[in-house]
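Asker: This is the structure I want to talk about, given as structure tokens.
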Amino acid sequence: MVERNIYCALGLNDQEYQKIEQIMGREPSSTELAMFSVEWSEHCGYPRSRSLLGLFPKEGKYQAMIGEDSGGIFYADTAIVFKMESHNHPSQVEPKQGAATGVGGIIRDIFTAGAKPIASLDSLRFGPLTEPYNRFLLKGVVDGIAFYGNCLGVPTVGGEVYFDESYSGNCLVNAMSIGICPKDQLARARAFGVGNSIMYVGSSTGRDGIGGCSVLASHEFGEGEEKRPTVQIGDPFTEKCLIEATLEMLATGHVVGIKDMGAAGLTCSSAEMAHAGESGMEIDLDKVPLREEGMEAYEIMMSESQERMLVCVKKGKEEEISDIFKKWDLHGVVIGQVTDDKNIRVKYQGKVVADIQTEALAKAPLYQMPFQEPANLKVMNTLDLKTIPIPADSNQVLLSLLSSPTIASKEWVYEQYDHMVQTNTTVLPGSDASVLRIKGKEWGLAATSDCNSRYCLLDPYRGAQIAVAEAARNLVCSGADPAAVTDCLNFGNPEKPDRYWYFKNCVMGIVDACKAFNIPVVSGNVSFYNESPKGAINPTPTIGMIGILPDVAKRCTQYFKDDGDVIILLGETKEELGGSEYLKVIHGKVAGQAPELDLLKEKAVQKAVYEAIQQGLLNSAHDCSEGGLAVALAECCVSNRDKAIGSNINSSFVIRNSSLRKDALLFGESQSRIIISCSKDKTAKVEALAKANQVPCQKIGQVGGESLKIEGLIDLPLNKLNDAWRGALKQYV
Amino acid sequence: MKFGVIVFPGSNCDQDCFHVVKNVVKQPVEYIWHKNTGLDNFDCVVIPGGFSYGDYLRCGAIARFSPIMESVIKFAKAGGLVIGICNGFQVLLEAGLLPGAMLRNKNLHFICKFVELKVEATDTPFSSKYKKGEIVRIPNAHNEGNYYIDDKGLAELKKNNQIVFRYVSNPNGAVDDIAGIVNQKRNVLGMMPHPERCSEAELTSTDGRPIFESIVGWLKQHGRT
Amino acid sequence: MFEAEVKITLKKTVADPQGLTIKHALESLGFTSLEQVRMGKFITIQIKAKDKAQAQAEVEAMCAKLLANPIIEDYTVEVK
Amino acid sequence: MFEAEVKITLKKTVADPQGLTIKHALESLGFTSLEQVRMGKFITIQIKAKDKAQAQAEVEAMCAKLLANPIIEDYTVEVK
Ligand SMILES: Nc1ncnc2c1ncn2[C@@H]1O[C@H](COP(=O)(O)OP(=O)(O)O)[C@@H](O)[C@H]1O
Ligand SMILES: [Mg+2]
């Protein structure tokens, strides 16, 4: 029997080991054991989350395509493939290279599906910038994303950056990538056809990240420093060549299937391709291009060296394929064949070192995890507004909020990213969502990522629903019809029942919200064990969403445009301060209930705005999110990098809402609210549209002037707003 | 009239330049793989932006030794039009077709952003459709666009009126606010900002288009149709 | 005043794509007898200190704290 | 086989923003006795050669041709 400390080191427990022996009917070889350990890890086999993930809707208003590695939708003759993935732990220890290789991994998932990567987004979360290490992380992560993405020539067009104590010691780096291709050129991750060749293409294999995914992504930080990942140096140049060569190869029509060697490298790609193709596979490790000497079989099988892929090629076409890779100075060698059984057989130095049914590897055990509401939730949810003093000077509050790093302009971040390469970005970062044209088509794409994890901490079900609703709202404000979701579920240790309770409720929130919007979840990623010695991160189910603009010329941006335009607020403002940025920044509290969300009302507001934009009625649309109405108005005034413009919010609006606390009116984060502006002559039509959709609609003021005025409450010149909002992040970095 | 867009491994604005030549100014254009040689059939060569060889040693340093560069040097010496944009500019510097060198941006960051440029010279094949002194908006996107040249070299550039574009507000530390220069014969242009990113109304600005139109106009005037 | 030279290199176990690309480039220029090329950083620091030992200690502290990331890099300090 | 160490530094006359930034960062960490910090490259090359002199000559040729840009950089080669 294999010694206990060996399988434990691989992250397997006693039951799992026994099950493996039972499946094999004998003692597993070290290579086999290593293969099981990675395939059954949370990262690959999802044993602790699979059953819940199965609840996500797989269909919606656009035809969905759910593949092995990534998913997407079809629109007209085009497949739009997209996915989000985490690279949290590597980034925490080596921010630049950790983030860089994260970008590399997610982009590989896109082009292995046969799609040309056309855009990326990044969703980032750090502890407060007052701590030097968090500043180091922010700078390093942004540098890494820029280093990799810019070099590849895939524009990073959007994302988000949040700051919260819970991420000190465990930052989150979630990267999303989007690609497109003609419908019929999609590639699948499968191998079949006895005698077809298995080719290894890309970079060579070293001892990089061995056991990285199973061992590292399955443990908390602080459990033992020696488990630190062997961070890799990203190689965007090789990946760029790999993209070109891969797309050239797929165009030959000689490829049966293809999969990237990401987490768990060759093990995962070979076993899963064979299993998906209901075939067997035999590979010979002596043929694998190695960059280090004396590597053992299990090391080759588990290596996570970057920039490599496995391809099933039609028999007789191997040379043609290998020539393409030669042209790009990359490896392209045959390492095996498809066989007529259903086993994955691995040979090395003349010996069979592994022989396993792919079925057994692919069927990771399924665990029902215990869950329980956290003991402190009731206390957190208690908030007596009477104990919260209303600040006398709302101007000062607004300036403080605008310069809170979570709300402040993220220009410092996205100006380091090439967000224009490929010349498709028609709405640049800095508006609610970025919009891409597709050359030669009338339609376009919008993309965003969103999640307010404080809401999820206070109410995971509603918080996750709000993340979905807000993402959709951001797309609608840009003129797009929300189409499909990818997610990255970042949580603490699932073996702790309170953490799992959060996970379960967030998943249910996403399920129900997506059903309400009639959009599918086409891809995603789970990242557990995000904890530092101080505890778990806030539950963070990041939502990535794409939307379709039937006519990209009708796109819309968030900033006010013309003097004299009428400003209209759609939706209802309630006395809601729970979980708000205001409560945190001004009163130092994270407490209360997350804002209410009525999905029917949310849909109605979105429908009204979408239709208004389609009819060409609006000059701007911006939703109210962190910081509430006052912050959203300030952003409408100053977020256009070329031209700030003031606005005047009239007294009748303030009087009409005088039953609300003024801090709730200005800074409360009631959901389902959108600020729009239009020229005077279109106001009646806009109001009629709102009415037809039963959406509360108030004319609240006028665009123009050199300041933001909210009668009797706020009066600030544009340059002060601008300095607070634009200058804040730069102060720290 | 035929344009060629050179493709090095790591070039990433090749398709963007190709698109503008083909679909915006509507001229014949072909990609040229860096391992090829010979440019006999071309009238204008575009060296596009990107990260040739990852810029792993120094921007443009490795690409400069690609087989095609020997041909580009010959082509330029014979008076052919060569425009290097961003990484293309860096390659031209490394190849010695233009004087000076690039250092890292003063703030050490990659900067992707629209910047204002002042058109300083219109008597070149690349800038004749602008007005002298005109201010145009064209995006930058680079890490190493901090142009360096010693005092003597700068005096030469000025004396020969070789500075074609200057930054209105210097974003990267470039000597004398230089954003783009030509060689003495005025047939080779290097510039850091990306005109191909602002040649269509969909992309916020069309201020880059006159560069491509100037080239087309010049080639027509010189009998290349 | 002392001048310290800091050499920062990638750990042997970390693959160095930059070095590899430079190696290929050199080979294609005809330098064919190369075994390996690795890329690192070279930092020169002029520092006031009461003696060489103090300068050495200070610069080593700088390396540990900021200049190198021990997860992927090694460093050596030499004070002249 | 020989190992050559190549140090590439920016010419004294060329401003070094990276060095300056590192200097500021170090100062804000409390290293206040710094006069100057300059950033360069450190390339190690393993090369087959019949003797040290040949290795030295080869690596110097590499520097002159590719590794350094004479307009802005100086280099030194040391064969071990
Ligand atoms: N990490 C990032 N990378 C790229 N763009 C970003 C990033 N963070 C924020 N942005 C951009 O800044 C703008 C504002 O972001 P955010 O405040 O998150 O918007 P919202 O509240 O509407 O979701 C958006 O255009 C967004 O894409
Ligand atoms: Mg928004």
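The values are calculated or read from the model by the stated rules, or taken from the named source; none is laboratory data. These figures come from a predicted structure and were not determined experimentally. Don't worry about glycine lacking a Cβ; one is built from the backbone with ideal geometry, like all the others, and counts go over all protein chains shown.
Asker: Please tell me if A:Lys589 is of a type outside the set (Val, Ile, Thr), out of contact with any strand residue (DSSP E or B) (no Cβ under 8 Å at 6 or more places or on another chain), more than 16 Å from ligand 1 (Cβ to nearest atom) and within 21 Å of A:Leu549 (Cβ to Cβ).
Answerer: no
Asker: Further question on the same structure: Quick one: count up the residues across the range A:106-125 that are under 21 Å from A:Tyr414 (Cβ atoms) and of a type outside the set (Ser, Thr, Tyr).
Answerer: Within the range A:106-125, residues that are under 21 Å from A:Tyr414 (Cβ atoms) and of a type outside the set (Ser, Thr, Tyr) number 10.
Asker: Only one of these conditions is not met by A:Ala447: (1) over 20 Å from A:Leu475 (Cα atoms); (2) within 20 Å of the chain's Cα centre (by Cα). Which number is it?
Answerer: (1)
Asker: Now for a separate question. Quick test of your reading of the structure: A:Leu366 fulfils all but one of (1) surrounded by 18 or more Cβ atoms within 10 Å (Cβ to Cβ); (2) at pLDDT below 95. Name the failing condition by number.
Answerer: (1)
Rundown of residues vs (1) within 23 Å of B:Tyr53 (Cα to Cα); (2) part of a strand (DSSP E or B); (3) in contact with an Asp or Glu (Cβ under 6 Å, 6 or more places away or on another chain); (4) more than 9 Å from chain C (Cβ to nearest Cβ), yes/no style:
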site	(1), (2), (3), (4)
D:Ala4	no, yes, no, yes
D:Lys12	no, no, no, yes
D:Arg38	no, yes, yes, no
D:Phe42	yes, yes, no, no
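Asker: When residues of the range A:645-681 are filtered for being within 15 Å of A:Gly704 (Cβ to Cβ) and crowded, with 19+ Cβ neighbours inside 10 Å, how many remain?
Answerer: 6
Asker: Among (1) surrounded by 23 or more Cβ atoms within 10 Å (Cβ to Cβ); (2) within 14 Å of chain B (Cβ to nearest Cβ), where does A:Leu402 come up short?
Answerer: With respect to (1) surrounded by 23 or more Cβ atoms within 10 Å (Cβ to Cβ); (2) within 14 Å of chain B (Cβ to nearest Cβ), A:Leu402 is out only on (2).
Asker: Could you say whether any residue in the range A:481-491 is within 16 Å of ligand 2 (Cβ to nearest atom) and either among the β-branched types (Val, Ile, Thr) or assigned to a strand (DSSP E or B) (or both)?
Answerer: Within the range A:481-491, one or more residues are within 16 Å of ligand 2 (Cβ to nearest atom) and either among the β-branched types (Val, Ile, Thr) or assigned to a strand (DSSP E or B) (or both).
Results for (1) more than 9 Å from chain B (Cβ to nearest Cβ); (2) within 9 Å of ligand 1 (Cβ to nearest atom); (3) surrounded by fewer than 23 Cβ atoms within 10 Å (Cβ to Cβ), shown as yes or no for each residue.
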residue	(1), (2), (3)
A:Lys410	yes, yes, yes
A:Tyr414	no, yes, no
A:Val421	no, no, no
A:Gly430	yes, yes, yes
A:Ser434	yes, yes, no
A:Ile438	yes, no, yes
A:Trp443	yes, no, yes
A:Thr448	yes, yes, no
A:Cys451	yes, no, no
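Asker: Consider A:Lys326 against the criteria (1) in contact (Cβ under 8 Å) with a residue 12 or more places away in the chain; (2) under 30 Å from A:Glu248 (Cβ atoms); (3) not aliphatic (A, V, I, L, M): it satisfies all of them except one. Which criterion is unmet?
Answerer: Only one criterion in (1) in contact (Cβ under 8 Å) with a residue 12 or more places away in the chain; (2) under 30 Å from A:Glu248 (Cβ atoms); (3) not aliphatic (A, V, I, L, M) is unmet by A:Lys326, namely (1).
Asker: Sticking with this one: Which pairs do you get when a residue that is within 14 Å of chain B (Cβ to nearest Cβ) and small (Gly, Ala, Ser), found in the range A:462-484, comes within reach of a residue that is within 13 Å of ligand 2 (Cβ to nearest atom) and assigned to a loop (DSSP other than H, G, I, E, B), reach meaning Cβ atoms under 8 angstrom, with the pair 6+ apart or on two chains?
Answerer: Filtered contacts from the range A:462-484: A:Gly479/A:Cys556.
Asker: Turning to a different aspect of this structure: Does A:Tyr461 count as assigned to a helix (DSSP H, G or I) and more than 16 Å from ligand 2 (Cβ to nearest atom)?
Answerer: Considered against the rule, which asks whether it is assigned to a helix (DSSP H, G or I) and more than 16 Å from ligand 2 (Cβ to nearest atom), A:Tyr461 comes out as yes.
Asker: Moving to a separate point now. Look at A:Glu495 and say whether it is more than 14 Å from every other protein chain (Cβ to nearest Cβ), among the acidic types (Asp, Glu) and either away from ligand 2 (no atom under 16 Å from the Cβ) or not in a helix (DSSP H, G or I) (or both).
Answerer: yes
Asker: Quick check, is A:Val590 within 27 Å of the chain's Cα centre (by Cα) and away from ligand 2 (no atom under 16 Å from the Cβ)?
Answerer: yes
Asker: So which of A:Ser625, A:Ser677, A:Ser620 is more than 14 Å from every other protein chain (Cβ to nearest Cβ), touching a Lys or Arg at 6+ places or on another chain (Cβ under 8 Å) and within 14 Å of ligand 2 (Cβ to nearest atom)?
Answerer: A:Ser620
Asker: Just to be sure I understand, how many residues within the range D:14-29 are within 8 Å of another protein chain (Cβ to nearest Cβ) and in a helix (DSSP H, G or I)?
Answerer: Residues that pass the stated criteria total 7.
Asker: Take B:Ile111 and decide whether it is within 14 Å of chain A (Cβ to nearest Cβ), surrounded by fewer than 24 Cβ atoms within 10 Å (Cβ to Cβ) and either charged (D, E, K, R) or touching a strand residue (DSSP E or B) at 6+ places or on another chain (Cβ under 9 Å) (or both).
Answerer: Yes.
Asker: Something else about it: Are there any strands (runs of 3 or more DSSP E) wholly within the range A:338-455 with 1 or more residues that are touching a residue at least 12 places away in the same chain (Cβ under 8 Å) and within 16 Å of ligand 2 (Cβ to nearest atom), and if so which?
Answerer: It comes to A:425-427, A:434-437, A:444-450.
Asker: Now for a different question. If you go through the range A:558-573 one residue at a time, do you hit one that is touching a His at 6+ places or on another chain (Cβ under 7 Å) and either at pLDDT 95 or above or surrounded by fewer than 24 Cβ atoms within 10 Å (Cβ to Cβ) (or both)?
Answerer: Checked the range A:558-573: at least one residue is touching a His at 6+ places or on another chain (Cβ under 7 Å) and either at pLDDT 95 or above or surrounded by fewer than 24 Cβ atoms within 10 Å (Cβ to Cβ) (or both).
Asker: Moving to a separate point now. Out of the residues in the range A:69-122 that are in contact with a Lys or Arg (Cβ under 8 Å, 6 or more places away or on another chain) and in a strand (DSSP E or B), which is modelled with the lowest pLDDT?
Answerer: Among those residues, the one meeting the criterion is A:Gly71.
Asker: Let me ask something else. Starting from residues that are over 33 Å from the mean Cα position of the chain (by Cα) and assigned to a loop (DSSP other than H, G, I, E, B), keep the ones in the range A:695-733 and report whichever is nearest to A:Ala621 (Cα to Cα).
Answerer: A:Gly704
Asker: Let me ask something else. Can you give me the number of residues within the range D:40-57 that are farther than 26 Å from C:Asp74 by Cβ and either in contact with a Ser or Thr (Cβ under 6 Å, 6 or more places away or on another chain) or not aliphatic (A, V, I, L, M) (or both)?
Answerer: 3
Asker: Determine the pairs where a residue that is more than 11 Å from chain C (Cβ to nearest Cβ) and outside any helix (DSSP H, G or I), located within the range D:46-72, has a partner that is crowded, with 16+ Cβ neighbours inside 10 Å and basic (Lys, Arg) with Cβ atoms under 9 Å apart, the partner being 6 or more residues away or on another chain.
Answerer: From the range D:46-72, the pairs are D:Ala68/B:Arg58; D:Ala68/D:Lys41; D:Asn69/B:Arg58.
Asker: Moving on to the next point. For B:Asp207, which of the numbered conditions (1) surrounded by fewer than 24 Cβ atoms within 10 Å (Cβ to Cβ); (2) farther than 24 Å from A:Thr557 by Cβ; (3) not aliphatic (A, V, I, L, M) fails to hold?
Answerer: Single failed check for B:Asp207: (2).
Asker: Taking the criterion of being buried (at least 23 other Cβ atoms within 10 Å of the Cβ) and away from ligand 1 (no atom under 14 Å from the Cβ), would at least one residue in the range A:375-392 satisfy it?
Answerer: For the range A:375-392, residues buried (at least 23 other Cβ atoms within 10 Å of the Cβ) and away from ligand 1 (no atom under 14 Å from the Cβ): absent.
Asker: Please indicate, with yes or no, whether at least one residue in the range B:45-53 is within 18 Å of B:Arg224 (Cα to Cα) and more than 14 Å from chain A (Cβ to nearest Cβ).
Answerer: Looking for residues that are within 18 Å of B:Arg224 (Cα to Cα) and more than 14 Å from chain A (Cβ to nearest Cβ), one finds at least one in the range B:45-53, hence yes.
Asker: Here is a follow-up. With respect to D:Thr32, determine if the residue is among the hydroxyl-bearing types (Ser, Thr, Tyr), assigned to a strand (DSSP E or B) and either within 13 Å of the chain's Cα centre (by Cα) or more than 7 Å from chain C (Cβ to nearest Cβ) (or both).
Answerer: Judged against the criteria, D:Thr32 is not a match.
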